[in-house]
Amino acid sequence: MKIAPRQEILSIWRSVVQASWEGGEWRWGDPEGRNSILDAEQLLCIMLPATEVPRFRLDVPDETEDDVADALKRLGSKVQIPQVLVRVLTEYHKRYSRDGTPIFTAGSYLSPLPSTGALNETEQSYDIVESFALSVTLTLATLGFCQVYRASVQSDRQHRQIDELITLANDRLTAAMIGLLRSFTVLVYHVDSDEGRILTRTVNQSAEDRDVVVRKLRDKLRPTIAGLRDLTVGISSVSGIGEAKNLLECGWSWGIIDESSKIDFVSPRYRQEPGYAVDEPYLYFTVQALDGIADLFSSRTVLLGLLDEDQLRLRSALQLRFELTQNYWWTVAGFGSERWPLEDLPWRTTDNIESDYFSLLVTSIATRGLLGQRSNDADLGRLGQVLTELANRARITRRPSENDGAVALHQPGVGIGLSGSEKRAVVQWVAADFAPLLLKRSIRIARHLQDPRLRARQQSTADQVWEHLVERRIVKGEGAGLWDQPSLVFPELTDDGRLSWHHTVRVVESLVFAADLAVTQPLPSSDLEAYAHDLLYEAEHLLDRERLINSTMPGTKLADALERLKILLQRARLVVEARPGTSVALVSEVLRELDKLAAARGDETGGR
């Protein structure tokens with residue numbers, strides 16, 4: 001890959017502290033429009049690499065690498081950097097807590113619909129699924145960081161500070177998990193409803209009779225339907241889901257569902273306020289919820305034992321919803337034996353809105369579902385092709401035409417109306433993160449492809465998206481080196497190059513994925529491996545012949561040379577299956593040296 005994750009993360013860290021640290025104090029993203037999402041994104045730009053990529057760890061100062069410490073040197077020395085992080089993380093957790101209860105407001109990230117006026121303070125105070133999901137990621141990173149860091153300090157005062165942060169993070173994690181459970185929804189509708197007609201038209205790629213399609217779809221969804229029917233925690237009974245003429249969707253709404261039931265096994269100190277969001281899933285928030293919930297199952301979370309008893313029960317309930325949602329969307333997206341519904345771009349939601357952005361979101365969920373079913377390269381490769389096509393359609397890998405509507409995907413983005421109960425105002429969420437989200441998903445698919453040609457093709461797509469994003473880096477001001485300034489790529493746009501932590505953290509997430517891909521062994525090619533074995537056979541045979549012809553008394557120059565060639569061939573034999581290209585390079589060096597010996601004897605025929 002052309003992406004150099006280590007160098008890029010260090011560059012971003014330098015820019016993050018440049019924008020965030022002034023006069024010994026942390027400068028939060030937007031003093032006039034702060035919210036729990038924006039501030040978490042700013043912190044995760046540092047905390048994600050520091051906890052997910054071993055070479056970037058900051059929790060054991062003696063093991064912090066020099067270039068890592070240098071990138072954050074504005075915060076202090078190797079010893080001072082984690083102290084600063086503890087202080088700033090504590091400040092975050094205290095700010096987004098009201099009367100001891102964590103809050104998850106979206107603030108300025110919510111905007112009014114074009115036909116309405118500005119939102120008031122109450123309308124901006126809704127707890128949002130995006131904040132629940134980000135809080136899971138941030139609190140798990142915080143808890144893991146604190147657990148390791150605490151063991152490396154001796155001061156009682158520092159222990160008390162760390163313990164306070166651990167308590168705050170644990171409370172926020174539990175509250176976020178409760179919020180995610182109470183935001184899950186199952187929407188059931190009749191096949192003759194508007195939603196039913198749209199869904200059947202989407203999945204019917206072979207022009208079959210509609211009743212046949214409905215029967216086949218429900219048959220494929222049978223395990224999912226059975227699982228959804230049995231849900232009890234945080235959700236009322238799902239009526240009508242078993243009826244043959246009904247279809248369904250599942251996932252997460254944008255906030256806690258209106259009239260959602262309370263979680264009865266957690267402490268009453270976690271106040272569970274009445275819900276307000278419409279009882280139907282949103283693709284955007286479903287993707288964000290799945291990303292956050294996935295962190296609950298990570299190897300780091302399990303190995304460090306970060307979850308308490310209540311959190312383990314909450315995780316179990318969320319895991320069931322996680323798996324059912326993945327299975328549902330993969331079944332719908334990959335339905336049929338010919339062209340997949342997902343390949344029929346753009347995706348149309350059941351409220352009759354279509355966008356390439358929704359196709360990208362469905363691809364994200366479908367990838368998870370496919371990987372959960374032990375995917376094959378053919379299906380993963382098809383998902384990769386969808387991403388490649390989306391990169392073209394979004395004018396990331398193709399130049400835009402004049403007044404090209406695709407540019408709107410990047411600015412102003414896709415407006416998503418957030419419906420609520422009759423007592424609540426209708427607000428809007430604007431999603432403009434198409435490019436960094438596409439990069440993240442492309443790298444994820446490449447990571448799981450086992451065919452070297454398919455992986456190389458997917459990495460090529462990721463490289464092109466990365467080049468596009470590099471051009472959109474802010475060039476001056478406090479956000480220099482960060483994102484996002486799309487007008488640098490699309491001159492018709494008129495952005496002001498304002499720093500967006502939302503875009504920047506998406507890029508950081510992608511680089512963390514790229515770092516994970518970079519540490520894997522290259523995929524061996526069967527053709528290259530066969531070629532390497534053939535070369536090995538020839539080289540080993542010629543070396544044996546040379547040792548027979550020549551005197552190899554120990555200590556002679558020739559004996560030392562032949563011994564070196566023997567060692568090279570042993571190494572080539574050792575790596576031939578895992579790295580056949582490396583084996584070929586080693587054997588080629590041996591063959592060149594052996595040919596020099598043969599030429600020195602005047603042997604022009606190879607001994608035949």
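The values are calculated or read from the model by the stated rules, or taken from the named source; none is laboratory data. Fair warning: this is a prediction, and the values are worked out from it, not measured in the lab. Here the Cβ is made from the backbone with ideal geometry for all residues, glycine too, and neighbour counts use every protein chain on show. Only protein heavy atoms, including side chains, enter the accessible area calculation; ligands, DNA and RNA are left aside. Shrake-Rupley method; radii C 1.70, N 1.55, O 1.52, S 1.80 Å.
Here are the numbers for the structure shown:
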item	result
One residue from 505, 489 being open to solvent by less than 20 Å² (accessible area, probe 1.4 Å) and farther than 30 Å from residue 568 by Cα	505
Search result, residues across region 390-399 that are open to solvent by 40 Å² or more (accessible area, probe 1.4 Å) and touching a helix residue (DSSP H, G or I) at 6+ places or on another chain (Cβ under 9 Å)	393, 395, 398
Residue, least open to solvent (accessible area, probe 1.4 Å), within region 371-384, restricted to residues that are in a loop (DSSP other than H, G, I, E, B) and not hydroxyl-bearing (Ser, Thr, Tyr)	376
Check on residue 156, open to solvent by 40 Å² or more (accessible area, probe 1.4 Å), within 21 Å of residue 268 (Cα to Cα) and over 28 Å from the mean Cα position of the chain (by Cα)	no
Some residue of region 11-19 being among the charged types (D, E, K, R) and at pLDDT 95 or above	yes
Residue match in region 443-455 (condition: surrounded by 18 or more Cβ atoms within 10 Å (Cβ to Cβ) and over 14 Å from residue 381 (Cβ atoms))	yes
Some residue of region 164-187 being among the small types (Gly, Ala, Ser), in contact with a His (Cβ under 9 Å, 6 or more places away or on another chain), open to solvent by less than 10 Å² (accessible area, probe 1.4 Å) and part of a helix (DSSP H, G or I)	yes
Among the candidates 43, 72, 89, residue that is open to solvent by less than 20 Å² (accessible area, probe 1.4 Å) and either farther than 22 Å from residue 136 by Cβ or out of contact with any Ser or Thr (no Cβ under 9 Å at 6 or more places or on another chain) (or both)	72
Unmet criterion (only one of (1) farther than 27 Å from residue 133 by Cα; (2) in a helix (DSSP H, G or I)) for residue 37	(1)
Which numbered condition residue 190 fails, given (1) in contact with a helix residue (DSSP H, G or I) (Cβ under 8 Å, 6 or more places away or on another chain); (2) surrounded by fewer than 18 Cβ atoms within 10 Å (Cβ to Cβ); (3) farther than 26 Å from residue 277 by Cβ	(3)
Within region 473-496, tally of residues that are in a loop (DSSP other than H, G, I, E, B) and farther than 12 Å from residue 411 by Cα	9
Subset of region 189-218 that is within 31 Å of the chain's Cα centre (by Cα) and charged (D, E, K, R) - its residue that is farthest from residue 240 (Cα to Cα)	201
Unique match (being open to solvent by less than 10 Å² (accessible area, probe 1.4 Å), more than 26 Å from residue 461 (Cβ to Cβ) and at pLDDT 95 or above) among 387, 342, 314	314
Any chance residue 399 is part of a helix (DSSP H, G or I), out of contact with any His (no Cβ under 9 Å at 6 or more places or on another chain) and at pLDDT 90 or above	no
Helices (runs of 4 or more DSSP H) lying entirely in region 193-239 (those with 2 or more residues that are open to solvent by less than 40 Å² (accessible area, probe 1.4 Å) and closer than 18 Å to residue 252 by Cβ)	222-229
Subset of region 497-530 (residues that are assigned to a helix (DSSP H, G or I), among the hydroxyl-bearing types (Ser, Thr, Tyr) and over 21 Å from residue 465 (Cα atoms))	526
Matching entry among 534, 496 (being farther than 30 Å from residue 406 by Cβ and over 26 Å from the mean Cα position of the chain (by Cα))	534
Residues that are over 21 Å from residue 196 (Cα atoms) and basic (Lys, Arg), drawn from region 330-382	368, 374, 382
Sole residue being surrounded by fewer than 20 Cβ atoms within 10 Å (Cβ to Cβ), modelled with pLDDT of 95 or more and in contact with a helix residue (DSSP H, G or I) (Cβ under 9 Å, 6 or more places away or on another chain), chosen from 108, 77	77
Near pairs, Cβ below 7 angstrom, 6+ apart or cross-chain, from region 390-419 (over 16 Å from residue 357 (Cα atoms) and without any contact (Cβ under 8 Å) to a residue 60 or more places away in the chain) to any residue that is open to solvent by 20 Å² or more (accessible area, probe 1.4 Å) and of a type in the set (S, T, N, Q)	398/392
Qualifying residue in region 509-529 (condition: at pLDDT below 90, of a type in the set (Gly, Ala, Ser) and over 30 Å from residue 48 (Cα atoms))	yes
Matching residues in region 505-521 - criterion: being closer than 21 Å to residue 41 by Cα and not basic (Lys, Arg)	505, 507, 508, 509, 510, 511, 512, 513, 514, 515, 516
Residue in region 128-149 that is free of Cβ contacts under 8 Å to residues at least 24 places away in the same chain, out of contact with any Pro (no Cβ under 7 Å at 6 or more places or on another chain), open to solvent by 10 Å² or more (accessible area, probe 1.4 Å) and part of a helix (DSSP H, G or I) present	no
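Yes/no per residue for (1) within 30 Å of residue 261 (Cβ to Cβ); (2) not acidic (Asp, Glu):
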position	(1), (2)
189	yes, yes
201	no, yes
211	no, no
215	no, yes
222	yes, yes
232	yes, yes
